[in-house]
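For reference, the structure discussed in these notes is given below.
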Amino acid sequence: MHARLPKKTARYRPPSDRTSPGMTIFLSLLCLIFAYPFAWMLVSAFKTNSEIFHPLKFWPASLNATGFKMLFSEQWFPFTRVFFNSIFIAAAQAVGAVGLSLLAGYVFARHQGRRVRIFFVLALSVIVMPPPTFAVPLFSWLHQLHLLDRSAGVILPGLVSGLGVLYFTQVFRQVPDELIDSARMEGASEFQVVRLLFPLLSSAVISFGVIHFVLAWHQHLIPLLVLNSRDQQTLPVALAALYGSSLRFPYAVLMAGSVMSILPVALFFGLAYRRFKSALADVLV
Amino acid sequence: METASPAPRRSGPSGLALLLPFFIFFVLFWLIPLLGSLKMSVYADTLVSAPEFVGLAHYRQILNDPRFGKAFFNTARYTVAILLIILPLALVLAQAVRMSHRRFRPALTFALLLPGLAPPAVLALLFLLVFHGEQGLLNQLLIMPFGGEPINWLKDPHYILPALVLQAVWRWTGFITFFFLAGMENIPRSLYEAAHLETNHRWQVWRTITVPHLRPVLVFAAVYLMVDAFAQFSGAYVLLGGSGGTGDAGLLLISYGYQNAFTYGKFGTAAAMSALIAPWLMGIFWLCMMRTRRATA
Amino acid sequence: MNENSARKTVKIAYEVSMRKMLFRSVVSAALLAGFSLQAKPLKIWISSAQDQAYYEEMVTLYQKKVDKDFTAEVEAFGFQEMPDKLSVAIKTGINPPDIVQLDEVFFGMYLSDVPPFVDLTDRVKASPLATGIHPKRMPLFSKGNRVYGIPQSLSAQVLYYRTDLFKKYNITPDDLKTWDDFVKVGERLAAKDQAMMGLDPTFFEILLRQRGSDILSPDGKPYPDRALAIDTLNFLRDLQTKGIGLRPYRGSVFDPVFFSSTVEEEKVICLLGADWYGLDMLQQFTPTLAGKWGVMPLPAWKNADGTLSPRTSTFAGQGMLIYKDCPQVDAAWKFIDFVMTDTEANVQRYLQGNSFTAFRPAWKDPRMLEPNAFFAHQSLGQLLVDLAPDVPAVVMHAKRPKAMFVFQESMYSTFMDDQMTAEELVDQMTEIINSP
């Protein structure tokens, strides 16, 4: 499992080593387009409302720090607390969804039988009916469970991920059979087999974790309905509360809040990328 | 590489036990509320007085509603368009990332993710500026300099759906590229070595090794995009604020469902709509996956 | 025998003590409930954070002036978000607010059933609101003769115009006494490639109302005066065709980018809107044009009999309502009554929130009538007071949200793009409105 290949052979250079400066330039240009929203968001955090709504004016006339000031002064909502809520809720959902989907994915990939197939279909039907489609009954049900106005009320429904099951089923299908068979033959229980395979899956785990984290971070309807008190809300919901029908309120605050909201994902990604790269070596047979 | 393997383990107790955690939450937080929604779909839309049982009335009404048909048709076209554009584009980009200079790769990958990370509320404002008529950035920077007439993306019924497709491409291509990159990293080097012994053509290697191995990821990416098209509200909201635009040209199923639920207060009808769409989607997914299963067998 | 009787005694003693405990706990629970009922703060739901600031101030003011033990929690959730949360709370009956400030657009859907709000008719009768609130505004939150909400704003429509550009083109407000005059002046300007006014889908019902009709009749029939509706639609489209009216890129004059493009480039020289339009949007998005905007009444229509229509109209507005199952209706009503009748409260709503109150006695406060520097030192308040007697009523019906929404979102543009005739539009809209 941990055998390493000899370093570059004389003739063959694997695709990832063949770099092309032309490609780098092309890609960088493309990424400027992709990165534009973030740059615009960052710059707009320093603009007045009329400047923000001027498409061709990218730079503000002067650096107006009101956006960040209003945000951090917490005069409209407890920013630190709300920010932390968002991170906690999204991270908990990411971790939990990965865990549940991983275990289920293993069974669906490595077990046969009609019962397994039925469960597989059931798990995947979650994809076509995500929680926002039954927001109202969910709201009533969470009320009965005393989960309203609590983080758990948003986290727990978010742990059921049909996409996750699909993802991990395929991941486990690609694991070489020999590994699993040898582990099983040594008498390992299914759970132990999964634990054994876990290091192999780090990049998959992280990739899906990031995806689910981002999806959870952007949730709007469920947190809006479930969470009430100011100190329980998530960031997108708290920011939405600032804006009414009149366009008086400085949108710089929304921009500042959104810039802040990208940071945890940036950090998460930074850490993940390293893990990603070190996991590579382990994957190769 | 699929070598001959002993028969997979029959589902013994310890195997199915691993399904328990998922299915506990499945029942508690998905199935029960879903049944509540199905119940709501067969009762009247009243908000205050106790609703009466109406059976399949909502379903019949929806099927006769021309706007529902329009929404369905729009969503289907929208989905096909984003699949046909994003999937190949992301494949190319993933390959491009792998061919770019090592040092730049983390930054490039991150930049690709950024559009997907932006909060919908901010994107709503940004796209207002990008897709606006004459003053919009898309017109000013990419169309008018080349002599084109400015397009009123948000109002011209011929361009509303293309605008929706464009914003989806912008938002999700990076994410899908990310999936493909992860998938590509998992392809064992030994395969490339073996292939390299037979041919020096990068394109051939790509076609025979890379793409087939990415098929499961492709399916996953396709499912992810389909879910976004059918069930994610943020796309439609970001561009049109939940409405359908001129002549309902941009009306998507999810926006129509939202309108029914929250603009008109017809929760039962909205529930029926979701229940109607779900089996269709399931069918499409099943088809996708059956094809994969057969291909990799 | 001894054992049995001992057991019986124990049993009886046990039951007696249980009953005592039950009694005690019931009494203390009742006391607690009663106590907590007194101490429980009112929950007030608002759309935006700035309104929240205003209502928190009002709570403080109320505590000072009326009841120092009054407490309330004011919560804002966002323009679309608050009504969404409200409808779910009403549908499920879970965690509803006590008082809600709702925009008329979101109230309409509750008219199809018994409105889930307290019937305030009798309370209003016993309050200065009965005579104080502009009579044409009162029906905004009513169903039949029953009042369910108190409208807050007058929402009189006026014409904002560029004083500098009017001078440049030799126009004075007196030249625009009727819409016919407006068209005449407009044609003159159009010959020089200058449009007069921005167009918006809401103008259809605003103008229709100015002419004495509406998009629905009180019993829900679409376009009660079909001919007038068709004529008004054609009027709007003609303005566009003749180059007098300009349709903004996004179709709406409420688009912030409209200001940074069309208005800034002086492509239009006047705009139709309510008080908050001038005070909120113009000030926010054309700050450099301070002092260059003036206000005037709308041009009038010439009626068939030669008389002139009123020179204003109205559209929408917000109101305060009490949820039907609110446990403290009296306390909630007293607060609403205060906010709507207290002069200071009304003045602050104008100064902070740019909303001119519908409560007429408050108009006497000089601060309501002060000249606005932004409007070349004209008094917007005075103009609104002058126009107030002519403000028409909005016909409220459960079908109104659908009628407005479908028209604004899709039909209007199709019509203005010459893709359908006014008759076709009216017929199609009628069908859609009449469908369940």
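Whether any residue in segment B:183-201 is of a type in the set (Ser, Thr, Tyr), surrounded by 22 or more Cβ atoms within 10 Å (Cβ to Cβ), away from chain C (no Cβ under 14 Å) and touching a helix residue (DSSP H, G or I) at 6+ places or on another chain (Cβ under 9 Å) is what I want to check. There is no residue in segment B:183-201 that is of a type in the set (Ser, Thr, Tyr), surrounded by 22 or more Cβ atoms within 10 Å (Cβ to Cβ), away from chain C (no Cβ under 14 Å) and touching a helix residue (DSSP H, G or I) at 6+ places or on another chain (Cβ under 9 Å). Here A:LEU56 fits the description: surrounded by fewer than 21 Cβ atoms within 10 Å (Cβ to Cβ) and within 11 Å of another protein chain (Cβ to nearest Cβ). Pairs meeting the criteria (first residue in segment B:127-142 and within 11 Å of chain C (Cβ to nearest Cβ), second residue of a type in the set (Phe, Trp, Tyr), beta carbons under 6 Å, at least 6 apart or on different chains) are B:PHE131/B:TRP153; B:HIS132/C:TYR249; B:GLY133/C:TYR249. Restricting attention to segment C:225-257, the residues that are outside any helix (DSSP H, G or I) and farther than 28 Å from B:VAL130 by Cβ add up to 4.
For B:ALA229, the conditions (1) within 11 Å of chain A (Cβ to nearest Cβ); (2) within 14 Å of the chain's Cα centre (by Cα) all hold with the exception of (1). Which is assigned to a helix (DSSP H, G or I), at pLDDT below 90 and either over 24 Å from A:PHE139 (Cβ atoms) or within 14 Å of chain A (Cβ to nearest Cβ) (or both), of C:ALA53, C:ALA33? Result of the check over C:ALA53, C:ALA33: C:ALA33. Residue-level analysis places A:ASP231 among those that are in a helix (DSSP H, G or I), surrounded by fewer than 19 Cβ atoms within 10 Å (Cβ to Cβ) and within 14 Å of chain C (Cβ to nearest Cβ). Of all residues in segment A:59-80, those satisfying the criterion of being exposed (fewer than 15 other Cβ atoms within 10 Å of the Cβ) and not in a loop (DSSP other than H, G, I, E, B) are A:LYS69, A:PHE72, A:THR80. A single entry from B:LEU91, B:LEU114 fulfils the requirement of being within 10 Å of another protein chain (Cβ to nearest Cβ), under 24 Å from B:ALA222 (Cβ atoms) and not charged (D, E, K, R): B:LEU114.
Considering segment C:338-436, the qualifying helices (runs of 4 or more DSSP H), each wholly inside and each with 2 or more residues that are within 14 Å of chain B (Cβ to nearest Cβ) and of a type outside the set (Lys, Arg), run over C:400-406, C:412-416, C:422-434. Against the test of being at pLDDT 90 or above and in a helix (DSSP H, G or I), the options A:ILE222, A:ILE211, A:ILE206, A:ILE180 yield a single qualifying residue, A:ILE222. I'd like to verify a number: residues in segment C:59-106 that are away from every other protein chain (no Cβ under 11 Å) and within 19 Å of the chain's Cα centre (by Cα), how many? So the count comes out to 4. Scanning segment B:95-107 turns up one or more residues that are within 30 Å of A:PRO264 (Cα to Cα), touching a residue at least 12 places away in the same chain (Cβ under 8 Å) and among the charged types (D, E, K, R).
The values are calculated or read from the model by the stated rules, or taken from the named source; none is laboratory data. Just so you know, these numbers come straight off a predicted model, no measurement behind them. For neighbour counting, all protein chains shown are included, and Cβ atoms are generated from backbone atoms with ideal geometry for every residue, glycine included.
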